[in-house]
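Notes follow once the structure below has been shown.
The values are calculated or read from the model by the stated rules, or taken from the named source; none is laboratory data. Predicted model only: the values in this text are computed from it and were never measured. Backbone-built Cβ (ideal geometry, glycine too); neighbour counts: all protein chains shown.
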Amino acid sequence: MGVLPNAPQIRTLIAWVFCFLICAACVRTPISVESRSSPQKQGTTLSPALKQVSTMGTGEIIFGAYGGSPWSLGVEIAKTAAQRARGLMERKSLGDNEGMLFIFDQYRRHQFYMKNTYIPLDIIFFSGSSGEVQVVGILENMRPFDEEPRTIESPSWSALEVRAPLASQHGIKVGDRVVLNLSPASSKGVEQKL
C-alpha cells in the first residue's frame, strides 16, 4: 500500500511542474532532429577550427566570392546556448547587410521557429569543413511570430538569419560556397576562412 501525498506536497509538486512548463515554453533553442543521410557523421562535435569560430563574436560573410555578384554582410555570432535561444527575438529591425550567425555544438539537422520575432527572416544553413563552407539549405520567408518549427533535410553546423527576402534577392542557392571572415570579440581582428 502506497502513501498518498498530503495537500502541501501536492501544491508544491504542481508549482514545480508549472514553473517547468513556463521555462520550457520560453526557450527558443533550435531543436536537433535525426537525419536519414549525410556526408559527415551526424551528432559529431565540431572540429577544432569550428570550435575556434564559436569563441568569436562578430564577423563578415561573403556570398558570391567564388563567382557571381558578391554580397557581404556583417554578422553577430550567437555562440552560446543563451545567445542561440534568444536569437533575433524582440528586435524590430535588421539591415540589408546584417545578420546573425548561429554556431551549433553538433553537426545535425536543426529546427527554427519565430516566437517573439518581429522581422520576417530567411535562414541559410551551412556545412563543410575548413576551406569548403557551402550552403546546404534555405528556409525562406519565415513569418513573424509563427511558432511552427521548420527545418531543412540536410544537417548543418551553422545557420545565418537575414531579413527576408534577401536570400532570393541575392540569388543564394544550395551549393553556393561562402567565405567567412570572423574576428575575435577583442579589438584585434583575425581573418579565417572555413
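So which strands (runs of 3 or more DSSP E) stay within the stretch 54-166 end to end and still have 2 or more residues that are among the small types (Gly, Ala, Ser)? Before the answer, list the steps.
Details: elements: 58-63, 71-78, 98-111, 121-129, 132-142, 156-163.
Strands (runs of 3 or more DSSP E) meeting the threshold: 71-78, 121-129, 156-163.
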Do we find a residue being among the basic types (Lys, Arg) and under 17 Å from residue 59 (Cβ atoms) anywhere in the stretch 149-156? no
Any idea which residue in the stretch 129-180 is nearest to the chain's Cα centre (by Cα), counting only those that are within 14 Å of residue 102 (Cβ to Cβ) and among the hydroxyl-bearing types (Ser, Thr, Tyr)? 158
Filtered residue count, the stretch 74-108, keeping only those that are in contact with a Leu (Cβ under 9 Å, 6 or more places away or on another chain), more than 24 Å from residue 128 (Cα to Cα) and surrounded by 14 or more Cβ atoms within 10 Å (Cβ to Cβ): 2
Can you confirm whether the stretch 86-104 contains a residue that is acidic (Asp, Glu) and touching a residue at least 60 places away in the same chain (Cβ under 8 Å)? yes
Considering every residue within the stretch 57-66, establish whether at least one is more than 18 Å from residue 178 (Cα to Cα) and modelled with pLDDT under 95. yes
